[in-house]
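The values are calculated or read from the model by the stated rules, or taken from the named source; none is laboratory data. Keep in mind that this is a model prediction, so the values were computed, not measured. So basically every Cβ, Gly included, is an ideal-geometry build from the backbone, and we count neighbours across all protein chains shown. Areas reflect the complete protein model, heavy atoms only, side chains present, ligands, DNA and RNA absent. Shrake-Rupley method; radii C 1.70, N 1.55, O 1.52, S 1.80 Å.
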Amino acid sequence: MALSAVIRTSEATTMMELEIELKRASDALKSSDLTSISLSAGCDLFMRYVTRTKALEYEDFDAAKTRLMERGEKFGELSLRARKTIAMLCQDFIFDGCTILVHGFSRVVLEVLKMAATNRKLFRVFCTEGRPDSTGIRLSNELAKLGIHSKLLIDSAVAYAMDEVDMVFFGADGVVESGGIINMMGTYQTALVAHSMNKPVYVAAECYKFARLYPLDQKDLAPALRPIDFGVKVPPGVEVETSARDYTPPQYLTLLFTDIGVLTPSVVSDELIKLYL
């Protein structure tokens, strides 16, 4: 991880100098993509995890620095293991013969499906197209390589296909204090349709995506814009919505599978307090 490298290569001679270097590096990483909630939350959690140690009280600076490097590397290891931990937690919820609807491309959700296939479970996956980034096409390509049967849907066919679906899986760009999620555009409407038809909606996300944010509606989000290609020329004067993500309130989510356990949306705020204390 980039922040661990900062500790390792730092020429600071005091803990104060080292903390300042880390803070600058963290701010630089976050500023590289101001719209990424997971990047910002991950940097904040790394800073809390690494600096929340008795090493800061050591008289020997070299010993303190070594301790910080160890904690930084451990944080990286925990993050890498997170996907497999989440995938294992999901397995009891995926049953033979089920149909899973996935919106967006999530490496965590892909790991969940990969492990289910490895466990010889028989299921099929409906992938929404995922415009404007064609994330569903990307996911279906990965599933084809794994021998998992999938079906591509245009985004507007979610309600049409929902009666065939047994469960919905989302990844998340960020999990907010309310227990809701911020994810790619279309997540909210997919969750609304699933909820109205009594289909369980599951979220698979690493705990470093837990963010200290509390959006009240869609307009509370910092804009994450993407160019839209309609395949035809848009008439002059016609406005195009280019926001690439939306907010799904917690009442439309059933469970969140994380590397710190299976959570209901209502307990996310408690877990956030533990993570940032």
Next on the checklist: Please report the spacing between the Cα centers of region 160-202 and region 229-277 in Å, no decimals.
Outcome noted: 9 Å
Checklist entry - Tell me, what ³J(HN,Hα) does each residue in region 147-164 have, in order and in whole Hz, if you take phi through Karplus 6.51 cos²θ - 1.76 cosθ + 1.60 with θ = phi - 60° and put x for Gly and Pro? => result x, 8, 5, 9, 9, 8, 10, 5, 4, 7, 9, 4, 5, 4, 8, 4, 5, 8
Checklist entry - Quick one: of the DSSP bridges fully inside region 86-276, what percent are antiparallel, nearest 5? => result 35 percent
Item to check | Rounded to whole Hz, the Karplus (6.51, -1.76, 1.60) HN-Hα couplings of region 228-242, x for glycine and proline | outcome: 10, 10, 7, x, 9, 6, 7, x, x, x, 8, 7, 10, 6, 10
Item to check | Exposure of R212 as accessible area (Å², to 10), given a probe of 1.4 Å and all protein chains | outcome: 140 Å²
Checklist outcome for this item: Relative contact order as a percentage, region 86-276, C-alpha pairs under 8 Å and 6+ apart, gives 23 percent
Next on the checklist: Rounded to the nearest 10 Å², what accessible area does D133 have for a 1.4 Å probe in the complete protein model?
Outcome noted: 80 Å²
Next on the checklist: I need to check one value: relative contact order of region 170-259, counting alpha carbon pairs closer than 8 Å and at least 6 residues apart, in percent.
Outcome noted: 46 percent
Item to check | Prolate/oblate/rounded label for region 86-276 (Cα gyration tensor, a/c 1.5) | outcome: oblate
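Taking the Cα centre of region 78-221 as origin, sum charge times position over the Cβ atoms of Lys and Arg (+1) and Asp and Glu (-1), and report the length of that vector in debye to the nearest 20.
On the way: 16 positive and 15 negative charges, 112 e Å.
Around 540 debye, computed over region 78-221.
Can you sort V125, V238 by 1.4 Å-probe accessible area, starting with the largest? Mind showing how you got there, number by number?
Values: V125 0, V238 80 Å².
Largest to smallest exposure gives the sequence V238, V125.
For region 213-277, which chymotrypsin sites (Phe, Trp or Tyr not before Pro) are in a loop by DSSP, counting at most 12 other Cβ atoms within 10 Å?
Details: sites: F230, Y247, Y252, F257, Y276; in loops: F230.
When the chymotrypsin sites (Phe, Trp or Tyr not before Pro) of region 213-277 are filtered for loop state and at most 12 Cβ neighbours within 10 Å, F230 remain.
Going by average Cβ density within 10 Å per residue, which order do the peptides 93-104, 137-148 take, highest to lowest? Provide the component values of the computation, followed by the final result.
On the way: 93-104: 19.4, 137-148: 15.5.
Put in order of decreasing packing, that is 93-104, 137-148.
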